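Okay, so here's the structure we're looking at.
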Amino acid sequence: MTAQPSEYHRRVAAQKRTSIIEAATKLFLDSGYDGTSLARIAEAAGVSRATLFKQFTTKAALFEAIVTEYWKVGDEEAPLPEPGNLRAGLETIGRRYVDLLTQPGMAALFRIVIAEVPRFPELGETQFKLGKMPYFESVRRYLAAENAAGTARLDDAEMAATQFLGMISNYVFWPRMLLARWEPDDSSIINAVDQAVLTMLARYGAPATHGP
């Protein structure tokens, strides 16, 4: 019978994993994906090569872990809002999306992908399949649930999710990819989310069913 690792050993392993992911992200940004070796990552993370290979057998597996980690929003177990109040649900989702897009490192992750995807198209596929699409699908499911509950009127939940997230990211995230000093204040960000919510309510909200 194989002994289970103790809580202490699980905690140490988790700390080492976090150190590896943080070191890899920085090195990928500084030297590019191709210019960063697993040996350099192990050195920067302060772990042995054996420890790194135990956690991640390939550089691609490490990049997948980075993508998955960055696309979490706060409590990864946080459920979707319950349907019944479209305004409140969209506000919750919109603020979670802002938290995701503005977390330290998210813009850097996109820059890595954009810079390297001509030579390593699998990086773009990883970002899309493991990051963007699972999050997008959760928003699509929420809007479909509101439609089924009669609080939204839409024929295409996928398009509605694209519109909502696009309105937010076009102000909060994409300018910072080109503008080094793009840092809108909190009130401007909240206003961007509120305006996106109002636009969605005007387009898709069922009368008198989405809250005040």
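The values are calculated or read from the model by the stated rules, or taken from the named source; none is laboratory data. Quick caveat, the model's predicted, so the values are computed rather than measured. Cβ coordinates were reconstructed from backbone atoms using ideal geometry, including for glycine residues, and neighbour counts include every protein chain displayed.
In segment 127-211, which helices (runs of 4 or more DSSP H) lie fully inside it and hold 2 or more residues that are closer than 20 Å to Gln103 by Cα, modelled with pLDDT of 95 or more and in the same structural domain as Thr102 (by TED's automatic domain parsing)?
Numbers: elements: 133-149, 157-172, 186-204.
Once the helices (runs of 4 or more DSSP H) in segment 127-211 are filtered for at least 2 residues that are closer than 20 Å to Gln103 by Cα, modelled with pLDDT of 95 or more and in the same structural domain as Thr102 (by TED's automatic domain parsing), what remains is 157-172, 186-204.
Does Gly74 satisfy the criteria of being outside the structural domain of Val117 (by TED's automatic domain parsing), over 30 Å from Ala192 (Cβ atoms) and at pLDDT below 90? It would help to see each step written out before you state the result.
Working: outside the structural domain of Val117 (by TED's automatic domain parsing): yes; over 30 Å from Ala192 (Cβ atoms): no; at pLDDT below 90: yes.
Answer is no for this residue.
Identify, from the list Glu125, Glu158, Glu137, Glu146, the residue that is more than 17 Å from Val67 (Cα to Cα), without any contact (Cβ under 8 Å) to a residue 40 or more places away in the chain and among the charged types (D, E, K, R). Even if it seems obvious, please write down each step before you answer.
On the way: Glu125 fails: more than 17 Å from Val67 (Cα to Cα); Glu137 fails: more than 17 Å from Val67 (Cα to Cα); Glu146 fails: without any contact (Cβ under 8 Å) to a residue 40 or more places away in the chain.
Sole residue among the options that is more than 17 Å from Val67 (Cα to Cα), without any contact (Cβ under 8 Å) to a residue 40 or more places away in the chain and among the charged types (D, E, K, R): Glu158.
Check off (1) over 30 Å from His9 (Cα atoms); (2) at pLDDT 90 or above; (3) not hydroxyl-bearing (Ser, Thr, Tyr) for Lys59 and give me the number that stays unchecked.
Failed condition: (1).
Here are Leu52, Leu101, Leu90, Leu86: which of them is buried (at least 17 other Cβ atoms within 10 Å of the Cβ), at pLDDT 90 or above and either under 28 Å from Leu38 (Cβ atoms) or of a type in the set (Phe, Trp, Tyr) (or both)?
Details: Leu101 fails: either under 28 Å from Leu38 (Cβ atoms) or of a type in the set (Phe, Trp, Tyr) (or both); Leu90 fails: either under 28 Å from Leu38 (Cβ atoms) or of a type in the set (Phe, Trp, Tyr) (or both); Leu86 fails: either under 28 Å from Leu38 (Cβ atoms) or of a type in the set (Phe, Trp, Tyr) (or both).
That would be Leu52, the only listed residue that is buried (at least 17 other Cβ atoms within 10 Å of the Cβ), at pLDDT 90 or above and either under 28 Å from Leu38 (Cβ atoms) or of a type in the set (Phe, Trp, Tyr) (or both).
Yes or no: Ala152 touching an Asp or Glu at 6+ places or on another chain (Cβ under 6 Å), surrounded by 13 or more Cβ atoms within 10 Å (Cβ to Cβ), more than 21 Å from Lys26 (Cα to Cα) and in contact (Cβ under 8 Å) with a residue 60 or more places away in the chain? Even if it seems obvious, please write down each step before you answer.
Numbers: touching an Asp or Glu at 6+ places or on another chain (Cβ under 6 Å): yes; surrounded by 13 or more Cβ atoms within 10 Å (Cβ to Cβ): yes; more than 21 Å from Lys26 (Cα to Cα): yes; in contact (Cβ under 8 Å) with a residue 60 or more places away in the chain: yes.
Against the criterion (touching an Asp or Glu at 6+ places or on another chain (Cβ under 6 Å), surrounded by 13 or more Cβ atoms within 10 Å (Cβ to Cβ), more than 21 Å from Lys26 (Cα to Cα) and in contact (Cβ under 8 Å) with a residue 60 or more places away in the chain), Ala152 qualifies.
Yes or no: Pro121 more than 19 Å from Ala161 (Cβ to Cβ) and modelled with pLDDT of 85 or more?
Values: more than 19 Å from Ala161 (Cβ to Cβ): yes; modelled with pLDDT of 85 or more: yes.
Yes; evaluated as a whole, the condition is true for this residue.
Tally time: how many residues in segment 165-186 are crowded, with 17+ Cβ neighbours inside 10 Å and either of a type in the set (Asp, Glu) or farther than 21 Å from Met200 by Cβ (or both)? Give the derivation first.
Step one: list which residues in segment 165-186 are crowded, with 17+ Cβ neighbours inside 10 Å, which gives 165, 167-169, 171-173, 176.
Add one more test, that the residue is either of a type in the set (Asp, Glu) or farther than 21 Å from Met200 by Cβ (or both), and what stays is 176.
Number of matching residues: 1.
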